[in-house]
Amino acid sequence: MATRSLFKILAAESPIAVFMKANKYVYSGIFLASLATLMYELLLTRIFSVTTWYHFAFLAISMAMFGTTMGAIIVYLAPNKFTPENTSKYQAQSILAFAISCILAIVIHISVPAFLPLDPSIVIVASLFIAVPFLLVAFTLSSICISLTLTRYPEQTHKLYAADFIGAAVGCVLLVVSLNVIDGITAVYLIGFVAALSAICFSLNAENQKLKLIAAAVALATAGYVGVNAYLANQEKPVISLTWSKGEKEKLVHFEKWNTFSRIRVFGEPDAYRRPLEFGYSKLLPDVKIRQLWLDMDGCAAAILYKFNGNLKEFEFFKYDISNFAYELIHDGNALVIGVGGGKDILAALALGQKTVTGVEINNNTVATITGRYGDYIGHLDKMPGVKLVCDEARSYITRSKEKYDSIQATLVDTWAASSSGAYALTESSLYTVDAWETFINHLSDRGILTMTRWYSHYVPSEIYRLVGVGNAALKVVGIENPRAHIVLVRLMNSELGDSLHAEDGLGTILVSRSPFTDEQLALVEARCKELGFEVALTPKFAIDPNLALAAEGKTGEIEKTVPYNLKPSTDDCPFFFQTLNPSQVFNKTIYAGGRTANNINSAVALLLVLVTVTFFTFYCFRLPILRTKDKSQLKGSLPIFAYFFSIGIGFMLIELSQVQRFSITLGHPIYALAVVLFTLFLATGLGSVSFGKLCELTKNRLHLLLASVLVVTAIFGLATPALVHALAPESTPVRIAASIASLFPVGFVLGLGFPAGMRLGFKHSQVLTPWLWGINGAASVLGSVLSVVISMFLGISVSYWCGFIFYAIALYCCMQLEKRESAESAA
């Protein structure tokens with residue numbers, strides 16, 4: 001009761017507000033508005049992963065997300081417009097305008113290339129440059145609605161904040177479900193429908209019949225489109241679909257399918273006989289022609305569907321593909337293939353004499369495609385004797401497996417797609433860590449070989465140096481005293497298709513053996529390389545490049561003295577294998593020389609530029625309202641409350657995203673990161689906010705005690721997580737999910753106390769400032785999302801987490817200062 005009376009007094013004294021009470025329509029409205037906004041944010045990463053490269057996607061989304069701050073600032077700067085009497089009207093109008101603008105932004109984005117028949121890189125930049133302003137407007141409109149809702153009902157802020165987060169939690173799950181049924185473009189209209197429902201809820205409190213009718217019409221129109229287009233898409237005749245990717249128009253596309261972390265397509269001429277399309281074949285490849293199709297993910301990460309009629313001898317030419325070189329040393333073995341793709345590696349293992357083959361593919365749509373629609377085309381490899389096809393994350397599957405394998409193979413398993421849980425959190429990175437390779441090596445038989453193929457740059461093969469370094473480190477972890485005796489590297493610098501497709505890159509295939517390579521095996525390596533057109537790059541006795549020898553001996557630090565790259569072996573705490581940027585070498589022109597390495601360097605540099613840009617915009621989110629505030633007296637003494645909201649905004653994102661990255665590895669699948677980690681954190685945060693009122697009563701409104709609980713719980717969690725992750729590794733998926741939820745829930749719960757505590761402090765200080773405080777929190781969240789990735793990439797996930805802890809400690813200090821000042825004023 002004391003809390004209720006306090007808010008009534010504050011509302012009565014406020015220069016802008018009459019006491020307002022939220023009803024069920026307001027709760028429903030913010031629930032649906034948050035659900036739609038979160039779905040849209042996540043869906044943008046999915047769509048932009050297809051149409052652009054992931055660093056462009058990250059830049060565009062980061063800029064667009066500043067709309068969440070702009071909306072709050074607009075509400076703050078226009079108090080005479082957003083009066084209590086007009087609140088319901090503007091809530092409904094803004095979220096309805098979001099429903100329309102979110103659709104319009106994507107339609108414009110996917111339509112731009114039709115009017116710009118230019119170089120693909122120019123098309124990508126132009127399409128984003130045109131789309132971002134519309135996206136900024138969309139998020140600004142959503143933010144106006146949410147800002148009004150969270151700042152106009154002071155007595156119920158904590159409950160409305162809970163509805164906001166619970167809506168976001170449901171949005172995570174709804175996106176997972178919807179993308180298994182409809183494509184990404186249709187999902188945008190579904191989001192428009194949800195936002196229109198939100199507008200209907202808010203409009204029920206407004207005396208505006210026309211607004212209700214417009215909201216209902218938009219809801220009906222978007223719902224009707226979703227239903228019609230979903231039906232037509234199943235008939236392969238969609239009204240609107242994506243027809244270009246990576247700046248180029250798609251041709252001869254026969255099939256596409258979406259989910260939360262990919263969009264796969266099959267294209268090509270199914271009955272045309274051609275030379276093998278994949279790179280990796282030496283120039284000694286015989287004159288063979290075969291029927292084949294492309295299968296790719298997000299416009300890159302391509303694989304091949306080979307037409308197979310049951311005759312394995314027809315595919316003996318696979319021995320000229322360097323990725324299959326391990327089979328020259330392993331015969332009649334039990335093979336495991338990571339990343340099945342179109343089934344080529346399974347077919348190669350069978351054709352080159354392996355007894356059994358287990359194929360592990362993370363993408364359920366890929367598995368469904370090669371076993372269902374195109375099963376006949378590839379000869380139903382899944383039904384062949386000795387073949388086992390598993391839909392799972394490879395590392396997780398191998399960790400739980402009781403089998404020992406004679407070979408574990410991964411060929412160019414990578415993608416430049418932005419995962420829904422974070423644009424730079426690539427699922428494949430967890431395959432290239434010391435921790436992962438320790439698991440792989442421990443699951444090899446005594447004669448077993450772990451083999452992986454990566455790009456070998458003509459400039460500086462930094463990726464290969466790191467790959468060899470990871471091999472050395474992993475062998476040491478499993479107890480091998482002389483790792484170099486267990487490592488062989490072969491390369492192909494002038495492949496059959498190198499001149500046309502990948503002139504700047506060759507390929508390197510590493511072989512990491514459970515047992516030391518014998519003299520007989522090394523002699524066979526030399527002979528077979530000569531016969532097949534490959535080069536021996538590294539053996540225990542020879543190195544074509546002195547740096548390869550250093551890497552095989554675990555001396556990557558010595559290599560870093562001569563090349564401008566970060567070559568430290570990637571670990572689970574810093575799993576960004578593909579990012580070799582040394583921040584101190586950003587202005588060294590040689591790192592941008594060319595090849596795939598330069599592409600990855602460019603993406604890392606783009607991330608740093610995003611950080612600088614976001615920092616600049618965040619600064620102006622503070623500066624602009626100060627400049628525009630006419631009565632500067634209302635800003636007096638506001639620094640602690642500003643610092644508080646900034647700290648909890650950036651701290652929340654550092655903790656949240658670090659756990660998304662960490663538990664993506666633990667759970668073993670990107671969908672679980674979205675549906676389990678984000679859902680749990682959001683739901684728990686919402687429930688924590690709901691409990692805020694009761695907890696205030698228990699602590700007698702001593703808010704610093706609630707903030708202290710955040711530090712206690714996050715500290716315990718941060719210290720316990722490494723051991724928990726290790727303990728969960730061999731457990732079944734249900735056990736890992738349950739344990740992850742149980743461990744994440746307390747963290748999310750206490751994080752939900754920070755915002756309502758801040759709003760309580762803000763209302764006491766000045767209700768006029770509360771929309772701006774929401775804006776500061778939003779700007780800090782955008783900055784935190786970028787900063788989290790930067791810190792994780794260069795310093796590690798653990799450092800990112802503990803930085804979040806420090807920001808919450810700063811928030812606690814600010815809270816204590818504000819409470820101390822309030823006590824002093826009360827005493828006076």
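The values are calculated or read from the model by the stated rules, or taken from the named source; none is laboratory data. The structure presented is a predicted model; accordingly, all values stated were derived computationally and were not measured. In this analysis, Cβ positions are derived from the backbone assuming ideal geometry, glycine residues included, and neighbour counts consider all displayed protein chains. These accessible areas exclude ligands, DNA and RNA; they are computed on the full protein's heavy atoms, side chains included. Shrake-Rupley method; radii C 1.70, N 1.55, O 1.52, S 1.80 Å.
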Complete set of residues in region 274-318 that are open to solvent by less than 10 Å² (accessible area, probe 1.4 Å) and assigned to a helix (DSSP H, G or I): Phe315, Phe318
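Go through the residues of region 258-265 one by one and say whether even a single one is open to solvent by less than 60 Å² (accessible area, probe 1.4 Å), modelled with pLDDT under 90 and part of a strand (DSSP E or B). Please lay out each step first, then the result.
At the first step, the residues of region 258-265 found to be open to solvent by less than 60 Å² (accessible area, probe 1.4 Å) are 258-265.
Narrowing the set further to residues that are modelled with pLDDT under 90 leaves 259-262.
Going one step further and asking which of them are part of a strand (DSSP E or B), we end up with 259, 262.
The answer is yes, given that some residue of region 258-265 is open to solvent by less than 60 Å² (accessible area, probe 1.4 Å), modelled with pLDDT under 90 and part of a strand (DSSP E or B).
Among the residues of region 91-124, how many are over 24 Å from Val188 (Cβ atoms) and out of contact with any strand residue (DSSP E or B) (no Cβ under 9 Å at 6 or more places or on another chain)?
Kept after step one, since they are over 24 Å from Val188 (Cβ atoms), are these residues of region 91-124: 117-119, 121-122.
Now narrow it down to the ones that are out of contact with any strand residue (DSSP E or B) (no Cβ under 9 Å at 6 or more places or on another chain): 118-119, 121-122.
Selection size over region 91-124: 4.
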Evaluation of Leu347 against (1) part of a loop (DSSP other than H, G, I, E, B); (2) more than 26 Å from the chain's Cα centre (by Cα); (3) under 25 Å from Ser262 (Cβ atoms) (one fails), failing number: (1)
Inter-residue pairs, beta-carbon under 6 Å, first within 14 Å of Pro640 (Cβ to Cβ) and in region 805-828, second in a helix (DSSP H, G or I) and of a type in the set (Phe, Trp, Tyr), 6+ apart: Ala811/Tyr644; Cys814/Tyr644
Helices (runs of 4 or more DSSP H) enclosed by region 578-694 - at least 2 residues per element that are within 30 Å of Asp505 (Cα to Cα) and more than 21 Å from the chain's Cα centre (by Cα): 595-628
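Of the residues Leu724, Leu769, which is assigned to a helix (DSSP H, G or I), touching a residue at least 60 places away in the same chain (Cβ under 8 Å) and in contact with a helix residue (DSSP H, G or I) (Cβ under 7 Å, 6 or more places away or on another chain)? Please lay out each step first, then the result.
On the way: Leu724 fails: touching a residue at least 60 places away in the same chain (Cβ under 8 Å).
That would be Leu769, the only listed residue that is assigned to a helix (DSSP H, G or I), touching a residue at least 60 places away in the same chain (Cβ under 8 Å) and in contact with a helix residue (DSSP H, G or I) (Cβ under 7 Å, 6 or more places away or on another chain).
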Subset of region 227-242 [open to solvent by 60 Å² or more (accessible area, probe 1.4 Å) and over 30 Å from Val676 (Cβ atoms)]: Val228, Tyr231, Gln235, Glu236, Lys237, Val239
Unique residue being of a type in the set (Ser, Thr, Tyr) and within 19 Å of Val107 (Cβ to Cβ) when the list is Ser241, Ser262, Ser203: Ser241
Pick from region 319-341, criterion in contact with a Gly (Cβ under 8 Å, 6 or more places away or on another chain) and assigned to a helix (DSSP H, G or I), ranking: nearest to Ala523 (Cα to Cα): Tyr327
Count - residues of region 811-828 that are open to solvent by 70 Å² or more (accessible area, probe 1.4 Å) and among the hydrophobic types (A, V, I, L, M, F, W, C): 3
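Listed residues Val170, Val177; which is assigned to a helix (DSSP H, G or I), within 18 Å of the chain's Cα centre (by Cα) and farther than 10 Å from Thr222 by Cα? Lay out the reasoning, then the answer.
Details: Val170 fails: within 18 Å of the chain's Cα centre (by Cα).
Checking each option against the conditions leaves just Val177.
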Which numbered condition Arg291 fails, given (1) without any contact (Cβ under 8 Å) to a residue 24 or more places away in the chain; (2) under 28 Å from Arg400 (Cβ atoms); (3) more than 33 Å from the chain's Cα centre (by Cα): (2)
Flag if Ala543 is open to solvent by 10 Å² or more (accessible area, probe 1.4 Å), touching a residue at least 12 places away in the same chain (Cβ under 8 Å) and in contact with a helix residue (DSSP H, G or I) (Cβ under 7 Å, 6 or more places away or on another chain): no
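Across region 374-414, what is the total count of residues that are assigned to a loop (DSSP other than H, G, I, E, B), in contact (Cβ under 8 Å) with a residue 40 or more places away in the chain and open to solvent by 40 Å² or more (accessible area, probe 1.4 Å)? Steps first, please.
Going residue by residue through region 374-414, those that are assigned to a loop (DSSP other than H, G, I, E, B) are 374-380, 384-386, 392-393, 401-404, 412-414.
Then drop every residue that is not in contact (Cβ under 8 Å) with a residue 40 or more places away in the chain, which leaves 374, 377-379, 392-393, 401, 403-404, 412-414.
Still in the running and open to solvent by 40 Å² or more (accessible area, probe 1.4 Å): 403-404.
Counting residues in region 374-414 that are assigned to a loop (DSSP other than H, G, I, E, B), in contact (Cβ under 8 Å) with a residue 40 or more places away in the chain and open to solvent by 40 Å² or more (accessible area, probe 1.4 Å) gives 2.
Just give me the residues in region 597-632 being open to solvent by 50 Å² or more (accessible area, probe 1.4 Å) and closer than 24 Å to Val789 by Cα, in sequence order.
Restricting attention to region 597-632, the residues satisfying the condition of being open to solvent by 50 Å² or more (accessible area, probe 1.4 Å) are 599, 602, 609, 612, 615-617, 619-620, 623-624, 626-628, 630-632.
Result: Asn599, Asn602, Leu609, Val612, Thr615, Phe616, Phe617, Phe619, Tyr620.
Quick one: is Phe19 at pLDDT below 85, outside any helix (DSSP H, G or I), of a type outside the set (Ser, Thr, Tyr) and open to solvent by 10 Å² or more (accessible area, probe 1.4 Å)?
Considered against the rule, which asks whether it is at pLDDT below 85, outside any helix (DSSP H, G or I), of a type outside the set (Ser, Thr, Tyr) and open to solvent by 10 Å² or more (accessible area, probe 1.4 Å), Phe19 comes out as yes.
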Index of the failed condition, Thr371 passing every other in (1) open to solvent by 20 Å² or more (accessible area, probe 1.4 Å); (2) under 21 Å from Asp414 (Cα atoms); (3) free of Cβ contacts under 8 Å to residues at least 60 places away in the same chain: (2)
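From the list His109, His158, which residue is open to solvent by less than 30 Å² (accessible area, probe 1.4 Å) and farther than 30 Å from Ile671 by Cβ? Don't jump to the end; show me each part of the working.
Numbers: His109 fails: farther than 30 Å from Ile671 by Cβ.
Answer to the check: His158.
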Residue list for region 346-368, restricted to those being under 20 Å from Ala326 (Cα atoms) and surrounded by fewer than 20 Cβ atoms within 10 Å (Cβ to Cβ): Gly353, Lys355, Thr356
Inter-residue pairs, beta-carbon under 8 Å, first in contact (Cβ under 8 Å) with a residue 40 or more places away in the chain and in region 155-177, second open to solvent by 20 Å² or more (accessible area, probe 1.4 Å) and among the polar types (S, T, N, Q), 6+ apart: Glu155/Thr3
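Listed residues Thr427, Thr415, Thr433; which is within 30 Å of Leu654 (Cβ to Cβ), modelled with pLDDT under 90, of a type in the set (Val, Ile, Thr) and in contact with a Pro (Cβ under 7 Å, 6 or more places away or on another chain)? Before the answer, list the steps.
Working: Thr415 fails: in contact with a Pro (Cβ under 7 Å, 6 or more places away or on another chain); Thr433 fails: modelled with pLDDT under 90.
After ruling out the rest, the residue left standing is Thr427.
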Conditions (1) surrounded by 24 or more Cβ atoms within 10 Å (Cβ to Cβ); (2) modelled with pLDDT under 85; (3) not small (Gly, Ala, Ser); number of the one not met by Leu635: (1)
